[in-house]
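Report on the following structure.
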Amino acid sequence: MINPAFFRLALLCSLSICMITARRLEPSFNDIEQTEFAQQLQHAIQIISRQEDDLSSTNKQQQAPSTSSCSSPSSKWLKSVISDVSTEDLSTFFDNHLHVLTFVYKLHVAPRQYDQEYFGLDGEYTQEITFVHNQAKDFWSDSGVQDEIYLLSAHGSDLADRHGKLVPTLKLLFRNNYDSEYTVYDHATDIQELINRLPGGYNFPLLTFNAFATDEMDDKVEDSSIIIGDGYFQFQQALGMDSEGPEYAHAHEFSHHLQFLLGGVSDSKSGIVQVAKKSELLADAFSAYFLAHDQGGNMASEEISNVHSVAFSVGDCVKNNEGHHGTPIQRKCATVWGAELADNSEDDMDKIDVFEFQDRFEQWYESVDDLNDSCQHVHSAAATSRSYRILFLQVIAFLVGGSVLL
């Protein structure tokens, strides 16, 4: 549950200009900062900062080539989007947590009008998201998951409504930190002026680049929800993956509601880093199982192949970071495993119980760090290759009537 809380602020005044800078998010709103895409965004900023710090040294000495084979499409896209923003504006953007404002507005300020929600800048994904949502509710109805999981959307354009949306959201977040010298209306003006300088203005994708599930939205209305921002759809469009991207996003977030039912995931050996990764990979597996199943999304093989590509695109390479949610290969392989589980079911009408599904996933996950590009376990693949080599040599030896050393 995400409850209202407040930023701690420092007022920094220079001449006639006062700037409000958020020192840190309080724990409740920090939940939004800890979601998958928010952490990828923060990591991309850290990488760019390090690159700028090392700029002088790289001009003098050529950097050694990277030895890592991990490459994240989402991180590359984020860096390309950020590159079009000035350093000063980028700093102000994150100091004031503009990347969470639209989500805080929708979760804690906006009136509940579920029938008016639309997905995509122009609502182009609304029908698609609504359809797969109803499919998922029907498919998982016997699991014990919440009967009512509401769909919410986040739009940068909401921040253009100064009095009705932006100001109430700022009051909630910054509350008692305004005074006569710098009011909430001054702050709203500064934020809107900044947004107007961003590429695309209120459609700047980083204002809404997130998607996550909530089990409760506030103290008074304990509704479960799935919220997807326009920035996620813009990301998928940029990568040419918006055909199955929306279905994957929804199915993945719906799968987190199954995890709420299961009580989450745990990994006592590896700590919080592995727990975050394990949770995301399980959601990937659940989502692919549903999308591939005849009673679920009933996707064709080509569509499921696209789902694998979408899952790959959201992986990250920050393996030792708390925000690590699985490498691109691991994300893809989790969907491959889930889809194969649906394809290999003995009876098309049968569905695996969610608890049994989790048990099977646990077995698969034991070797998740040993996967290659083909989603085979490296040691198993090597053993298979050796077995074929031995068989080949044995056949040759038999044909020539000789023997061979193995």
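The values are calculated or read from the model by the stated rules, or taken from the named source; none is laboratory data. Every value quoted in this text rests on a predicted model; they were computed, and no experiment measured them. Positions of Cβ are generated from backbone atoms using ideal geometry, with glycine treated the same way; all protein chains shown enter the neighbour counts. Surface accessibility is based on the protein's heavy atoms, side chains included, excluding ligands, DNA and RNA. Shrake-Rupley method; radii C 1.70, N 1.55, O 1.52, S 1.80 Å.
Summary table below
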quantity: Residue match in segment 320-340 (condition: more than 20 Å from the chain's Cα centre (by Cα) and either modelled with pLDDT under 95 or open to solvent by 30 Å² or more (accessible area, probe 1.4 Å) (or both)); calculated: yes
quantity: Residue match in segment 283-298 (condition: under 20 Å from Thr35 (Cα atoms), open to solvent by 60 Å² or more (accessible area, probe 1.4 Å) and not in a helix (DSSP H, G or I)); calculated: no
quantity: Test: residue in segment 139-156 that is closer than 30 Å to Ser75 by Cβ and open to solvent by 10 Å² or more (accessible area, probe 1.4 Å); calculated: yes
quantity: Boolean, Ala136 is aliphatic (A, V, I, L, M), more than 30 Å from Met299 (Cα to Cα) and either open to solvent by less than 30 Å² (accessible area, probe 1.4 Å) or modelled with pLDDT under 90 (or both); calculated: no
quantity: Those residues of segment 199-214 which are of a type in the set (A, V, I, L, M) and open to solvent by 10 Å² or more (accessible area, probe 1.4 Å), in sequence order; calculated: Ala213
quantity: Residue match in segment 109-122 (condition: without any contact (Cβ under 8 Å) to a residue 12 or more places away in the chain, open to solvent by less than 80 Å² (accessible area, probe 1.4 Å), closer than 30 Å to Leu194 by Cα and β-branched (Val, Ile, Thr)); calculated: no
quantity: Condition broken by Phe103, with the remaining ones in (1) assigned to a helix (DSSP H, G or I); (2) free of Cβ contacts under 8 Å to residues at least 24 places away in the same chain satisfied; calculated: (2)
quantity: Strands (runs of 3 or more DSSP E) completely within segment 149-268 that count 2 or more residues being modelled with pLDDT of 90 or more, within 26 Å of the chain's Cα centre (by Cα) and not hydrophobic (A, V, I, L, M, F, W, C); calculated: 149-154, 224-229
